[in-house]
Amino acid sequence: MISQEQFRSFFDVVDKRLFFNHAAYAPLSRPVVNAMDEFFEHWKFGNPASWDIAEGHMEGLRSNYAKLVGAPVERIAHMANTVSGVNVLANGLNWEKGDHILLYADEFPSNVMPFLNLRDRGVDVELLPALDGRVTADLFASALRPQTRLISVSSVQYLTGYRADLKAISDLCHSRDIIFSVDAIQSVGVIPTDVIEMGIDFLAVGGHKWMMSPLGTGFLYVTEELQSRLKLMHRGYMGHVNPIDFGNFDQELSPHARRFELGAFNASGMVGAEKATEILLECGPESIYRHVRTLITKLEWALDELPFHGLFPFGENEASGIYMFRHEDASRNQSIFEALVASGVNLSLRNGGLRFAPHYYNSQEEVDRFIALLKDLA
Ligand SMILES: Cc1ncc(COP(=O)(O)O)c(C=O)c1O
């Protein structure tokens, strides 16, 4: 078990900046950088065991990913980012003209573009707006058609912080034989996730936000049943039963999700991601989420005394690691954002709102310092 204080001690960033931008990207911890440095020492000298060492880390990371989302390890495939995973799904299904896909209108493009690409095959991709920002099962239910084959949703919306009720959407999907896919980059690493309990058929995640991993790491999860319906749109050698049997072109694909992996992989990134996810697992997803919500609630309450307000009145069961707020004079948000950045704060400005996204290593004292800065700028 790693305590919050111990976790915090791993991050050099706390001496330099107030970093509240984990919905965009995350700073690397010292153990992660050290693990990567150690790996580079092997590569630097062309150590003949380097490939085996790299593969060991690749499998260690796969097992950490499986634990983070409650999946059997065979159901996990490494991917370079979220959108690569979504493309495996979008391009792998056998679409027919007139098939219907439902998406929320303000999704991040990684969960939209791979599906829009199917329009020239006659697939009808519908983008549903939600006036109050709530991406609910009812919203999708209102737009279902007999031809609806797939619904794909972000577990947490990047522009609002809205956390979807994934179980409710999966129940809707499964009552109609619709595939349920989730872009989970804004939740895995900060919100406890159980793909089996939530009834998720397909999930894609990038590592560089809440999993605090290097860029170019991530994974997909796919059920065995859905995998059996996915044709490989790209085929490499790593996805076969025995990848190093190079001359054997007749060999079978792996029965596991790693059949979607192609060739030489981002080993140094995976070494870092393995360490980062190992640490997160030792912190415990429940403790991480509880702490992050405490920090957000602290800010929320402090804003009551200031000319700032939260943008979305979501309840605790719709909340996440993202909190959106702004100055009551909307024209001042850009300059307030710039002043915060100049004072050493990392956060994002999205659609005119300030996006506050703390992680487990952030402290109450850091939030107090942030509140003091807001007071000065108010
Ligand atoms: C909801 C969501 N999905 C995906 C991404 C990133 O996509 P990718 O991993 O494909 O670069 C982001 C990043 O901002 C996001 O907010």
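The values are calculated or read from the model by the stated rules, or taken from the named source; none is laboratory data. Just so we're clear, the structure is a prediction, and the values are computed from it rather than from any experiment. Methodologically, a virtual Cβ is constructed for each residue, glycine included, from the backbone with ideal geometry; neighbour enumeration extends over all protein chains shown.
Take residue 63 and tell me if it is small (Gly, Ala, Ser), modelled with pLDDT of 95 or more and surrounded by fewer than 18 Cβ atoms within 10 Å (Cβ to Cβ).
Numbers: small (Gly, Ala, Ser): yes; modelled with pLDDT of 95 or more: yes; surrounded by fewer than 18 Cβ atoms within 10 Å (Cβ to Cβ): yes.
Against the criterion (small (Gly, Ala, Ser), modelled with pLDDT of 95 or more and surrounded by fewer than 18 Cβ atoms within 10 Å (Cβ to Cβ)), residue 63 qualifies.
Per-residue answers, yes or no, for (1) more than 19 Å from the chain's Cα centre (by Cα); (2) farther than 17 Å from residue 79 by Cβ:
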{"site": "218", "(1), (2)": "no, no"}
{"site": "242", "(1), (2)": "yes, yes"}
{"site": "247", "(1), (2)": "yes, yes"}
{"site": "251", "(1), (2)": "yes, yes"}
{"site": "262", "(1), (2)": "yes, no"}
{"site": "273", "(1), (2)": "no, no"}
{"site": "278", "(1), (2)": "no, yes"}
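Got a number for residues in the stretch 276-303 being in contact (Cβ under 8 Å) with a residue 40 or more places away in the chain and over 18 Å from residue 1 (Cβ atoms)?
If we filter the stretch 276-303 for residues that are in contact (Cβ under 8 Å) with a residue 40 or more places away in the chain, which is where we start, we get 276-289, 291-292, 294-296, 298-299, 302-303.
Subsequent filtering for residues that are over 18 Å from residue 1 (Cβ atoms) retains 294-296, 298-299, 302-303.
Residues flagged as in contact (Cβ under 8 Å) with a residue 40 or more places away in the chain and over 18 Å from residue 1 (Cβ atoms) within the stretch 276-303 amount to 7.
Can you name the residue in the stretch 186-230 that is in contact (Cβ under 8 Å) with a residue 60 or more places away in the chain and among the charged types (D, E, K, R) and, of all such residues, is farthest from the ligand (Cβ to nearest atom)?
224
When you check residue 290 against the structure, is it charged (D, E, K, R), modelled with pLDDT of 95 or more, buried (at least 19 other Cβ atoms within 10 Å of the Cβ) and at negative phi, yes or no? First the steps, then the outcome.
Working: charged (D, E, K, R): yes; modelled with pLDDT of 95 or more: yes; buried (at least 19 other Cβ atoms within 10 Å of the Cβ): no; at negative phi: yes.
Considered against the rule, which asks whether it is charged (D, E, K, R), modelled with pLDDT of 95 or more, buried (at least 19 other Cβ atoms within 10 Å of the Cβ) and at negative phi, residue 290 comes out as no.
Given the structure, is residue 215 part of a loop (DSSP other than H, G, I, E, B), out of contact with any helix residue (DSSP H, G or I) (no Cβ under 6 Å at 6 or more places or on another chain), aliphatic (A, V, I, L, M) and farther than 24 Å from residue 255 by Cβ? Spell out the reasoning first.
Values: part of a loop (DSSP other than H, G, I, E, B): yes; out of contact with any helix residue (DSSP H, G or I) (no Cβ under 6 Å at 6 or more places or on another chain): yes; aliphatic (A, V, I, L, M): yes; farther than 24 Å from residue 255 by Cβ: yes.
So residue 215 passes the test.
Yes or no: the stretch 124-136 includes at least one residue that is at pLDDT 95 or above, touching a helix residue (DSSP H, G or I) at 6+ places or on another chain (Cβ under 8 Å) and surrounded by 20 or more Cβ atoms within 10 Å (Cβ to Cβ).
Within the stretch 124-136 (the criterion being at pLDDT 95 or above, touching a helix residue (DSSP H, G or I) at 6+ places or on another chain (Cβ under 8 Å) and surrounded by 20 or more Cβ atoms within 10 Å (Cβ to Cβ)), the answer is no, since none of the residues qualifies.
Among the candidates 359, 291, 309, which residue alone is part of a helix (DSSP H, G or I) and in contact with a His (Cβ under 9 Å, 6 or more places away or on another chain)?
Numbers: 359 fails: part of a helix (DSSP H, G or I); 309 fails: part of a helix (DSSP H, G or I).
Within the list 359, 291, 309, the selection yields 291.
Scanning for something more than 20 Å from residue 15 (Cα to Cα) and not polar (S, T, N, Q), does the stretch 355-372 turn up at least one residue?
Filtering the stretch 355-372 for residues more than 20 Å from residue 15 (Cα to Cα) gives 355.
Those still in the list that are not polar (S, T, N, Q) too: 355.
Looking through the stretch 355-372, at least one residue is more than 20 Å from residue 15 (Cα to Cα) and not polar (S, T, N, Q).
Just to be sure before I move on: is residue 21 polar (S, T, N, Q) and more than 16 Å from the ligand (Cβ to nearest atom) in the structure I sent?
Values: polar (S, T, N, Q): yes; more than 16 Å from the ligand (Cβ to nearest atom): no.
Criteria not met by residue 21.
Determine which single condition residue 306 fails, assuming it passes every other condition in (1) farther than 23 Å from residue 191 by Cβ; (2) without any contact (Cβ under 8 Å) to a residue 40 or more places away in the chain.
Status for residue 306: all satisfied but (2).
If residue 336 satisfies every condition in (1) without any contact (Cβ under 8 Å) to a residue 24 or more places away in the chain; (2) not in a loop (DSSP other than H, G, I, E, B) but one, which is the exception?
(1)
Could you list, ordered by first residue, the pairs with Cβ atoms under 7 Å in which the first is in the stretch 8-33 and more than 17 Å from residue 358 (Cβ to Cβ) and the second is part of a loop (DSSP other than H, G, I, E, B) and away from the ligand (no atom under 16 Å from the Cβ), at least 6 apart or interchain?
30/10; 31/10
Check every one of the helices (runs of 4 or more DSSP H) wholly within the stretch 24-107 and list those with 1 or more residues that are small (Gly, Ala, Ser) and within 16 Å of the ligand (Cβ to nearest atom). I'd like the intermediate steps shown before the answer.
Numbers: elements: 30-44, 50-69, 82-92.
Output list reads 82-92.
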